1. What are the residues in the stretch 61-71 that are of a type in the set (D, E, K, R) and within 28 Å of the chain's Cα centre (by Cα), if any?
2. Ala101 fails exactly one of the following numbered conditions: (1) in contact with a Pro (Cβ under 8 Å, 6 or more places away or on another chain); (2) surrounded by 17 or more Cβ atoms within 10 Å (Cβ to Cβ); (3) at pLDDT below 90. What is the number of that condition?
3. List every residue pair whose Cβ atoms lie under 7 Å apart, where the two residues are 6 or more positions apart in sequence or sit on different chains, the first residue falls within the stretch 40-69 and is under 29 Å from Leu112 (Cα atoms), and the second residue, located anywhere, is outside any helix (DSSP H, G or I) and of a type in the set (Gly, Ala, Ser).
4. Just checking: which of the strands (runs of 3 or more DSSP E) contained wholly in the stretch 63-123 hold 1 or more residues that are on the phi < 0 side of the Ramachandran plot and among the acidic types (Asp, Glu)?
5. When you scan the stretch 110-148, how many residues do you find that are in contact (Cβ under 8 Å) with a residue 24 or more places away in the chain and closer than 15 Å to Leu80 by Cβ?
6. Looking at (1) surrounded by 12 or more Cβ atoms within 10 Å (Cβ to Cβ); (2) out of contact with any Pro (no Cβ under 7 Å at 6 or more places or on another chain), which is the only condition Asp67 fails?
7. Could you list all residues from the stretch 92-126 that are out of contact with any Lys or Arg (no Cβ under 9 Å at 6 or more places or on another chain), closer than 23 Å to Glu71 by Cβ and aliphatic (A, V, I, L, M)?
8. Specify the residue that is farthest from Val72 (Cα to Cα); the eligible residues are those in the stretch 89-124 that are β-branched (Val, Ile, Thr) and in contact with a strand residue (DSSP E or B) (Cβ under 8 Å, 6 or more places away or on another chain).
Amino acid sequence: MTRQLGATKLEFALTVAIFGVLGALLLQRLALVEEYTERTEVDVTIRNIRTGIQLAIGERIVRGEQDRLAEVAAASPVDLLGKHPRGFVTAPAATAVGQWAYDPQGRELSYLPRRPGTFGDADRLRWRLVARTDAAGKVFGASLVRLN
């Protein structure tokens, strides 16, 4: 009996099936990494905006300009960053996936996620910069508050 050279159809089918399963697993893991990356990117951007708010408030306090704290609360939160995030527009809402938008009329910052389900059931993330006031109504700070 002579030995056949090369792979049999069964061996070839098994090889293709194994590579198919490995490819599917790889794609699933890549999707999870992509979601994690997007969540991290949004989290870092929001943290940087909050840091910018704190720096702007601290700068005015150090200069003795506490009466100008209301300017920080009235500003666009994205302007308190050194550089606008990727895909930023000044518009009522983000319209493209992965896009940040600031609506000056509604004073809302929004982000449209690239992948549905990355942020739970939220199809659009929204924040508002609000002034913190004392009992007399005087502004003493500002906070970026998530709306959804």
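The values are calculated or read from the model by the stated rules, or taken from the named source; none is laboratory data. Everything numeric in this text was worked out from a predicted model, so none of it was measured. Every residue, glycine as well, gets a Cβ built from its backbone with ideal geometry; the counts of neighbours run over all protein chains shown.
1. Residues of the stretch 61-71 that are of a type in the set (D, E, K, R), as a first pass: 63, 65, 67-68, 71.
Result: Glu71, single match.
2. Result: Ala101 passes all but (3).
3. Ile53/Ala142; Ile57/Gly141; Ile57/Ala142
4. Working: elements: 88-90, 99-103, 108-112.
Hits in the stretch 63-123: 99-103, 108-112.
5. 8
6. Answer for Asp67: the failing condition is (1).
7. If the condition is that a residue be out of contact with any Lys or Arg (no Cβ under 9 Å at 6 or more places or on another chain), closer than 23 Å to Glu71 by Cβ and aliphatic (A, V, I, L, M), then Ala101 is the only one that fits.
8. Let us first name the residues in the stretch 89-124 that are β-branched (Val, Ile, Thr), namely 89-90, 95, 97, 118.
Next, from what is left, pick out any that are in contact with a strand residue (DSSP E or B) (Cβ under 8 Å, 6 or more places away or on another chain): 89-90, 95, 97.
Working: Val89: 20, Thr90: 18, Thr95: 27, Val97: 29 Å.
This residue is Val97.
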